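A quick write-up on the structure given underneath.
No value in this document is a laboratory result; all are computed from the given coordinates. The model shown is predicted, which means the values in this text are computed figures rather than measured ones. Using ideal geometry, Cβ is built from the backbone for each residue, glycine included, and neighbour counts are taken over all protein chains shown.
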Amino acid sequence: MAGMTMSTWIRGARLKTLPLAVAPVIIGTALSWKGVFVYSQGGDVLHEPCPFFGGQRDLGETKLGSLVGACHHSVSWFILVAVLCGCVALFLQIAANFANDYSDGVRGTDEGRGADMEPGRSSAGTLSTRDPSRGPARLVASGVNPGTVLAAAGISALIACLCGLAVCALTGYWWFILVGFACLVAGWCYVGGKHPYGYHYLGEVFVFVFFGLVATCGTMFALTGTVSLSGIWGGCAAGFVAMAVLCVNNLRDIESDRNHGKHTWMTALGRSKGAVLAIALLTMAPAMAILFFLVLCRSVLVAEGVPAMSIVSIAAILIMCAIHAAAIVAIAKERYGTALPLCSLGSLVLAVTFVMSSMLM
């Protein structure tokens, strides 16, 4: 049956975009570690004792019950919650990718993006009209049954929901279910439904919110019971990279999007101004990471001198800048197929930079 091989589903999951889901979780985890195990922040009177790993404080050690029931003494609890948050983000991203493939496929927006199963022929057996400049092939456009693709989206969303419920059980924050529901709705309504917001200039905004602030700050709150200014800062940096990836993707598809009535920031700005915006976003993200490092490094230098970790952080910053610079050059030369994986890789290196810098806190 056409389209049922493992490579087909790997292609549909769009592996190159998955670092965008994991990076903000890494940032949120890194910025939470010392706050939990060194500064002892996190937990409140509404936060139930950790049901699996214990870690509840002695009531006699607290003041006004501010730390009652926190699980933060357990390293295993912290790691498990962080991994589960990563799984939630990862499988939500995969679900969104399959859902987008389904919705754009049945709308015809992905027309011309079928995978050639034989030279000169599409997976449906008709003459191939695929345009390589349109980007990688899509499942529905390649002849895979739309219902099967939609089922794959549902299974991925179910896995994300199960991981999310585990986070709720481990933290006691059952209102996270509402956050998860909002993420599911946002993933589907991006290009799905009667009025997809991705067709009405809102895709970039929602990507910034959910792939930046929600993922980073949500992870931090799950681990600490609070969100710090550094978490918001890191979430914005991750969100800018995610926006840049969407901008590059829409720059590549700008003509097709216009033909199918898909209104994005790129169709409004045009190719030249859109490229400037994508480059600006890819410049702002590493600049924020560098500023974060400099602020922390200055405070540490005053107190302790030059720590070894600052050298490692500088190395991570240099690698981050090199990858983002390569992506910027690719965008300027309209090599979007090269720019997209570089941007995704840049998001991971951005996260590593925040991890290294957080060690200075």
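Quick check: convex hull of the Cα atoms in the range 186-251, volume per residue, rounded to a whole Å³?
Working: hull volume 5.3 nm³, N = 66.
It is 80 Å³ per residue.
What FRET efficiency do you get for Val295 and Val106 if R0 is 41 Å and r is their Cβ-Cβ distance, rounded to the nearest 0.05?
Efficiency for this residue pair is about 0.25.
Please give the contour-minus-distance gain from Ile155 to Ser272: 0.36 nm per residue of separation, less the Cα-Cα distance, rounded to one decimal in nm.
Gain on extension, Ile155 to Ser272, equals 38.2 nm.
Taking 56 Å as R0, compute the FRET efficiency from the Cβ-Cβ separation of Ser76 and Ala325 and round it to 0.05.
FRET efficiency, Ser76 to Ala325: 0.90.
At a Förster radius of 51 Å, what calculated FRET efficiency corresponds to the Cβ-Cβ distance of Ala315 and Lys194, to the nearest 0.05?
Using R0 = 51 Å, I get an efficiency of 0.55.
Once fully extended, how much extra length lies between Val83 and Ala332, figured as 0.36 nm per residue of separation less the alpha-carbon to alpha-carbon distance?
Separation in residues times 0.36 nm, less the Cα-Cα distance, equals 86.0 nm.
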